[in-house]
1. Six or more apart or on different chains, Cβ atoms under 7 Å: show the pairs whose first residue is in the stretch 155-170 and under 15 Å from ILE137 (Cα atoms) and open to solvent by less than 20 Å² (accessible area, probe 1.4 Å) and whose second is among the basic types (Lys, Arg) and not in a helix (DSSP H, G or I).
2. Among (1) closer than 23 Å to ALA209 by Cα; (2) within 24 Å of the chain's Cα centre (by Cα); (3) in a helix (DSSP H, G or I), which single condition is ILE104 missing?
3. Only one of GLY147, GLY171 is small (Gly, Ala, Ser) and under 18 Å from VAL89 (Cβ atoms). Can you tell me which?
4. Among ALA174, ALA190, which is open to solvent by 20 Å² or more (accessible area, probe 1.4 Å) and either among the aromatic types (Phe, Trp, Tyr) or more than 22 Å from the chain's Cα centre (by Cα) (or both)?
5. Determine if the stretch 195-207 includes at least one residue that is at positive phi and either β-branched (Val, Ile, Thr) or touching a helix residue (DSSP H, G or I) at 6+ places or on another chain (Cβ under 8 Å) (or both).
6. Here are some conditions: (1) under 13 Å from ALA205 (Cα atoms); (2) of a type outside the set (S, T, N, Q); (3) modelled with pLDDT of 95 or more. GLU158 meets all but one. Which one does it not meet?
7. What do you reckon, is GLY141 open to solvent by less than 60 Å² (accessible area, probe 1.4 Å), closer than 29 Å to GLN80 by Cα and either in contact with a Ser or Thr (Cβ under 8 Å, 6 or more places away or on another chain) or of a type outside the set (S, T, N, Q) (or both)?
8. Please go through the stretch 117-139 and pick out each residue that is over 26 Å from the mean Cα position of the chain (by Cα), among the small types (Gly, Ala, Ser) and modelled with pLDDT under 95.
Amino acid sequence: MAELNVQPKKNNSWWIWVLLLLILLGLLFFFLKGCNNKTGTGTNQDSTASNSTDATKAVATTTPADSSQIDFNSPKANYQEITDTSISVRGNNNYSIYGLGEDILFDKDKATLKGSAQTQLKMISASLAKRFKGANITVYGHTDSTGTASHNKQLGAERAEAVRNWFVKNGAIADQSIAVKSFGASNPVASNATPEGRQQNRSVAIVAAPAKPAGTK
């Protein structure tokens, strides 16, 4: 009987290891790519946030006066130097509020001061210099409820900032003494249900709070 010469089968499983290695490399590649994308996204978000902060710094500016303590419907006051009837003056012993309507300062839905607003701003500036030299001043932006809340907030901020910049440049008010805040449509002085009420709500208010002596509350 002839002797059978049976050779053991060659182990061809090497290709399985190669396949596994390729799969592992592929997974590693996608993992690293995903990490890079996350890092890039974070950088973009930070950049966007920074730009947003620059654009809306008026919203974020810390105000020297506590706005929750200010009644924008305070009793009317009479200052002899304020002869323009388009300027409203209100207040009490703690603060005074000079108010100007949107129609005096800006075109509709815009935040660039009209050239014709110089007269009123100069009058308010002179009154501030006379009565509130060295006081803390805050410019508040108010809008009506037309449009989105975020748009109104931004518009109020940009308008308040425009008025603030005018006072710093032309009104001899120190940069560190005047701040801004936007209420948007969140603090109306009249009903937004009527055109007349909405017009009253579209305004800028300049609040002057005399600086208190050190040690007083």
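The values are calculated or read from the model by the stated rules, or taken from the named source; none is laboratory data. Bear in mind the structure is a predicted one, so any value in this text is a computation, not a measurement. Using ideal geometry, Cβ is built from the backbone for each residue, glycine included, and neighbour counts are taken over all protein chains shown. What goes into the accessible areas is simple: the full protein's heavy atoms, side chains included, and nothing from ligands, DNA or RNA. Shrake-Rupley method; radii C 1.70, N 1.55, O 1.52, S 1.80 Å.
1. Every condition considered, the pairs that remain are ALA160/LYS181.
2. (1)
3. Going through GLY147, GLY171 in turn, the sole match is GLY171.
4. The unique qualifying residue is ALA190.
5. For the stretch 195-207, residues at positive phi and either β-branched (Val, Ile, Thr) or touching a helix residue (DSSP H, G or I) at 6+ places or on another chain (Cβ under 8 Å) (or both): absent.
6. The number of the failed condition is (1).
7. yes
8. Scanning the stretch 117-139 gives a single hit, ALA129.
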